[in-house]
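Report on one structure; see the data block that follows.
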Amino acid sequence: MLSNALIIDDDLDVQLLGKTLLSQHGYEVLTAGSLGELVRQPALLNAELILLDFGLGEFTGLDILDYLYDLRIKATSPRSQ
């Protein structure tokens, strides 16, 4: 069974590179380019791994983290596993 990953980046080249690399390591990868996209498609957040760009144009990575916190998204640190 594949693990789910989400790449949040407004650069399509970075999304493609991340998708390619993570797919080679057994991840099923979805992408989002903005906070608005996450709000419109909350199912994207059903991921075990989230890669986040901190410079997303209108919103920042901190805005995304605040949104995830408000949703009570629970994440584990790689060090805690």
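Charge dipole of segment 3-80 (Cα centre as origin; +1 on each Lys and Arg Cβ, -1 on each Asp and Glu Cβ, all else neutral): 400 debye, rounded to the nearest 20. Backbone geometry of segment 64-73 corresponds, through the Karplus equation with coefficients 6.51, -1.76 and 1.60 at θ = phi - 60°, to 3J(HN,Hα) couplings of 5, 4, 4, 4, 4, 5, 4, 7, 6, 5 Hz, x marking Gly and Pro.
Backbone phi angles across segment 34-47, fed through the Karplus curve with coefficients 6.51, -1.76 and 1.60 (θ = phi - 60°), yield HN-Hα couplings of 6, 4, x, 5, 5, 5, 6, 10, x, 5, 4, 7, 7, 10 Hz in residue order; Gly and Pro are listed as x. Among DSSP bridges having both ends in the chain, what percentage is antiparallel? Round to the nearest 5. If I count the DSSP bridges inside the chain, around 15 percent turn out antiparallel. Working from label points 7 Å from Cα in the Cα-to-Cβ sense, the Leu52 to Ser3 distance is 1.8 nm. Annotation: amide H-H contacts under 5 Å for Glu28 (H modelled 1.01 Å from N, sequence separation of 5 or more, or interchain): Ser3, Asn4, Ala5.
Using the Karplus relation 6.51 cos²θ - 1.76 cosθ + 1.60 with θ = phi - 60°, the per-residue 3J(HN,Hα) values for segment 16-32 come to 5, 4, x, 4, 4, 5, 5, 4, 5, 9, x, 9, 8, 10, 10, 9, 9 Hz, with x marking Gly and Pro.
Projecting the Cα positions of Leu44, Thr60, Gly33 onto the charge dipole of segment 3-80 (unit charges on Cβ atoms of Lys, Arg, Asp and Glu, taken about the Cα centre) puts Leu44 furthest along the positive direction. Among the listed options (1) 13.8; (2) 13.0; (3) 12.7, the one matching Kirkwood radius over Cα pairs in Å as calculated from these coordinates is (2). Counting only DSSP H runs of at least 4 residues, each contributing -39500 (n - 2.57), and dividing by the residue count of the chain, the helix-based mean residue ellipticity at 222 nm comes to -10500 deg cm²/dmol.
Since every read-out is calculated from the coordinates, none of them should be taken as a lab result. Fair warning: this is a prediction, and the values are worked out from it, not measured in the lab. Glycine gets a Cβ as well: all are built from the backbone with ideal geometry, and neighbour counts include every protein chain shown.
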